[in-house]
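Here the structure is laid out as structure tokens; the discussion comes afterwards.
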Amino acid sequence: MSELRGRLAGRERSVGPIIFELALIGFVLLIVMAAFEVGSRARLFPLVVGIPTLVGLTIMLARDLVGRRPADEPVHGHDAIYDPVTGEHHLPDLSNAGLGELYAAAQDEIEAEEVLPDTPEARRRQVLLAVWTLAIVVVGALFSFLLAVPLGLAAILLITRQRWYVVLATTVGVTVFIYVLFGMILGVRF
């Protein structure tokens, strides 16, 4: 246990993604809980989408809580091999590697992928999306999700600088789809 604690102590963590994932988990949890208040046919879709989303978000949150190794730390005890011809460092050849070495290399590759930059602009976007998500839930709870979803969709499309006719067509199409599927076919009251 102390060995695990020691390995996790020097890892880098970013607070922004953790807060954002917690907000998304709360949002999806509300959707899953609300699904149990509707009829059995209407709850199928929110549960089929919501439960796997909760599992995925929980895994992402756990990975972010564990953190990532600092860039100067060697990768799973493998020292990179220096190639004098190219002047680059690379990991050992894994063509004859065992399952454990392949798993370790896959983990290293995942951790080496670029993460969101920890800049004021990135934090501003994360906060904006979290507030947007919360606003959809509040509007849906106070008025109707038939009103909240199109407004939220139009807002996010406008924020991402989509053309006005794309925003209008997408919003109208999604609203009609939601009304037909949930209002007419499944009989869900908005």
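Any read-out appearing in this document is the output of simple, stated calculations on the displayed coordinates, not a laboratory observation. Values in this document were obtained by computation on a predicted structure and should not be read as measured data. In this analysis, Cβ positions are derived from the backbone assuming ideal geometry, glycine residues included, and neighbour counts consider all displayed protein chains.
Computed over neighbours whose Cβ is under 15 Å from that of Leu57, the net charge equals -1, Lys and Arg +1, Asp and Glu -1. Here Phe45, Phe36 are placed in order of increasing Cβ neighbour count within 10 Å, fewest first, which gives Phe36, Phe45. Put in line by how crowded their Cβ is, counting other Cβ atoms within 10 Å and starting with the fewest, Thr160, Thr170 read Thr160, Thr170. Sorted ascending by nearby beta carbons within 10 Å, beginning with the fewest, Asp64, Asp108 become Asp108, Asp64. Under the convention that each Lys and Arg Cβ holds +1 and each Asp and Glu Cβ holds -1, the size of the dipole of segment 113-186 around its Cα centre is about 260 debye. Once you treat every alpha carbon in segment 116-186 as an equal point and sum by Debye, what is log10 I(q)/I(0) at q = 0.23 Å⁻¹? So the normalised log intensities are -1.02.
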